[in-house]
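Just so it is clear, none of the values below were taken in a lab; they were calculated from the coordinates. Everything numeric in this text was worked out from a predicted model, so none of it was measured. Using ideal geometry, Cβ is built from the backbone for each residue, glycine included, and neighbour counts are taken over all protein chains shown.
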Amino acid sequence: MIPKISTLSGYLHEYQKSLANPVGFWSNIAETFYWRKPWTKTLEWDFKDPKVTWFKDGKLNITENIFERHLFLRGNQTALIWEPNNPDEAHRSYTYRELYEEVNKFAGVLRSLGVQKGDRVAIYLPMIPELAIAMLACARIGAIHSIVFAGFSAKALAERNNDAQAKILITADGGYRGNKIIPLKETSDEALQMSQSIEKVIVVKRTGQDVNMDKKRDVWWHDLMKNAPQKAPAEIMDAEDTLFILYTSGSTGKPKGVLHTTGGYMVYAAYTFKNVFQYRPNDIYFCAADIGWITGHSYIIYGPLLEGATTIMFEGIPTYPQPDRYWQIIEKHQVNQFYTSPTAIRALLAQGETWVDKYEMNSLRVLGTVGEPINEEAWHWYHDHVGKGRCPIVDTWWQTETGGIMISPLAGIIPTKPAYATLPLPGIRPVIVDNDGNKIYGKNVEGNLCIEFPWPGMARSLWGNHERYKQAYFSTFPGLYFTGDGVKRDEDGYYRILGRIDDVINVSGHRLGTAEIENALNEHPLVAESAVVGMPHPIKGQGIYAYVVAPDKPDNLDDELRNSLVKAVAKLISPIAKPDQIQFVSGLPKTRSGKIMRRILRKIVEGSTDFGDTSTLTNPEIVEELTEGYRKLNIDDK
Ligand code: 7RM
């Protein structure tokens, strides 16, 4: 069994141990898993190159650690509870044995379609059990899953499939989300016109809506499963073989295919799940994220199932049919740990207390948040109204690239403080550096958050572009992993995450690159140039503010052009990337080298006029126009 920390002194002791002897620390944890062949060296690393190897030469399959390792003891225990979008539809449960059987069958299906170890399989599914089954089936046969969030557009899906050179696409006829139906097959068909590598499309029937099926290319999931062999032997993987890639937004250019490997990710996802949430046997755990994001990968599927937990997967949204859906689910399934985003909390807070106060939720023991900074008001509301003052909140800081939680309280063990992620987990060595790369020691300090020592769950590369991996994470501060986040360390040594300091914005906990949104805006024939910044937003954390230069725009067509730009962004990226506000401007503040001075653009939307040194601007007069325009849109009109 994975060692579990249960007291504050236990944490301090483990943390010290992990610093003094990281190799001994992690190999003790890794030894609790089922390896086909032991590793020869626990860690090799070089952050300059960069290259990181954990559990060298070790052989394993992650699904044997989920299934074979648990079947004897808990074959009949519930592994997965699926709660549908519509509460009148019956929920479904899978025991470990039942899930094992489905995964085996679908693994056999994939093999029969010619999928081999190392092939990429794209998954574009709503939150239905087939999503869990498909990803685990890939892991069973060593195929690399690339899950694309079902809210992404055809273009975004095609771009990811092309980059990954995926061979198979798994999708559904449609998906339910609140009172909407998402036409996934239709969107997939559109994406397939822009991507060549996909040979077969497997379609799950969820909504029963009419869809076009290409006779040569498209097959129904249920037809394939009818004749599937019952057993699919697990592919024996090297610890450093790729388990999955997951695309995420960076500060420049196209999305990055973050690459995670098998052994280290497994050890890290399971260790952090067990310790942060203080999971105990028979607990019911509910993470309300979508599996299309890393939180769903690590903390709906891999972490909980590796630990033999019962995990809930929810198809719908918190406000459907009414804004008490989460609380209903918590009571219905007697949930012990609940994990969601600050955005969801703020949205539910805005609905008033009566929705939540009706529910006792006596089963709850632990609450968690992830994805963005949580403000104090939301923290207190979560603590008082959801947790009824009895449940610790774990504010978990981590990233797609870190694979698992990095800085977080251990529930009930590390004293919490609103808006603080508190302390690093054992094995994690955060450092704060100033802009020149000097480490800043001591308390009450602020700066760039870096990590100075490898951990097993860290991303090993970016798919097909190791140079970009080096560029993005290891070159700003040579020798350190740079997170892109700003951070403060207070008088207790606690960490508070201040948010991104690069050109990434965090809208409702979704990571978006400003460059991607600008590219979408710039495709419009009337747009010459644009600049996108994050602006404070009461519910989403950050909203999207776009400054757009459209010199040939007819004067009376502002609203029409705004509408068509918003639609274009939804179409080219996703509805989550739609600008909240668009301001038409005659130009952007630029330095002599032609760079947009984004600092000014951010200050304006924060309502500040303290722009600092603007002497290097070639067009300083533009600042007043921009500030005035912002006022008109936001203050004068309200
Ligand atoms: C898990 C996930 C990563 C970015 C990260 C931060 C922000 C995440 C917190 C947070 C403040 C937190 N992966 N972030 N957790 N900020 N407090 N507890 O979200 O790759 O999609 O995003 O999210 O800026 O760099 S992610």
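Observations on the structure shown:
- Sequence-separation-based contact order of the chain, relative, with Cα cut under 8 Å and 6+ spacing, percent: 12 percent
- Per-selection metrics, the range 475-552 (Cα): Rg and Dmax in Å: 16.2, 56
- FRET efficiency, residue 89 to residue 557 (Cβ-Cβ, R0 41 Å, nearest 0.05): 0.35
- Considering only 25, 633, 399, and ranking their Cα positions along the charge dipole of the chain that arises from unit charges at the beta-carbon of Lys, Arg, Asp and Glu, the one farthest toward the positive end is 25.
- Calculated P(r) tail over 16 Å for the range 195-238, as whole % of Cα pairs: 55 percent
- Amide H contacts of residue 143: 118, each under 5 Å away and 5 or more positions distant or on a separate chain (H built 1.01 Å from N in the peptide plane; Pro and chain starts excluded).
- Sites residue 20 and residue 490, calculated FRET efficiency, Cβ-Cβ separation with R0 25 Å, nearest 0.05: 0.45
- Förster radius 25 Å - calculated FRET efficiency between residue 618 and residue 162 (Cβ-Cβ, nearest 0.05): 0.05
- A simple spin-label model places the labels of residue 611 and residue 280 6.0 nm from each other, with each point 7 Å out along Cα-to-Cβ.
- Percentage, to the nearest whole number, of Cα pairs in the range 231-271 over 13 Å apart: 63 percent
- The slack in the chain from residue 445 to residue 196, taken as 0.36 nm per residue of separation less the alpha-carbon distance, amounts to 84.6 nm.
- Hydrodynamic radius by Kirkwood, which averages 1/r over all alpha carbon pairs of the range 112-216, in angstrom: 13.6 Å
- Here the dipole of the chain is about 1720 debye; that uses its Cα centre as origin and unit charges on the Cβ of Lys and Arg (positive) and Asp and Glu (negative).
- If the convex hull is drawn through the Cα atoms of the chain, its volume per residue in Å³: 158 Å³
- Residues in the range 91-119 that a label on residue 213 would reach, taking backbone N under 18 Å of a point 7 Å out along Cα→Cβ: 109-110, 113
- Mean Cα-pair separation over length for the range 246-400, i.e. relative contact order, pairs under 8 Å, 6 or more apart, %: 21 percent
- Sum of -39500 (n - 2.57) over DSSP H runs of 4+, divided by residues of the chain (222 nm, nearest 500): -8000 deg cm²/dmol
- In the range 1-64, the alpha-carbon atoms span a convex hull of 107 Å³ per residue.
- For the peptides 444-451, 13-20, 170-177, the ranking by packing is 170-177, 444-451, 13-20, with the highest mean count of neighbouring Cβ atoms within 10 Å listed first.
- Alpha-carbon radius of gyration plus Dmax, which is the widest Cα pair, for the range 538-638 in Å: 14.4, 39
- Equivalent ellipsoid, the range 373-421 (semi-axes from 5 times Cα gyration tensor eigenvalues, Å): 20, 12, 9
- Test item: Cα-centred dipole of the range 271-419, Lys/Arg +1 and Asp/Glu -1 on Cβ, debye: 340 debye
- In a fully extended conformation the segment linking residue 580 and residue 222 would gain 124.8 nm over its present Cα-Cα distance, using 0.36 nm per residue.
- For the peptides 374-380, 587-593, 241-247, the ranking by packing is 241-247, 374-380, 587-593, with the highest mean count of neighbouring Cβ atoms within 10 Å listed first.
- Distances between placed amide hydrogens fall under 5 Å for residue 79 paired with 94, 95, 96, all partners being 5 or more residues away or on another chain.
- Per-residue ³J(HN,Hα) for the range 286-301, Karplus 6.51 cos²θ - 1.76 cosθ + 1.60, θ = phi - 60°, Hz, x for Gly and Pro: 10, 9, 8, 6, 9, 5, x, 10, 4, 4, x, 4, 7, 10, 10, 9
- Using a cutoff of 8 angstrom between alpha carbon atoms and counting only pairs six or more residues apart, the relative contact order for the range 468-608 works out to 17 percent.
- Put simply, the amide H of residue 244, placed in the peptide plane, has neighbours under 5 Å in 260, leaving out anything fewer than 5 places away on its chain.
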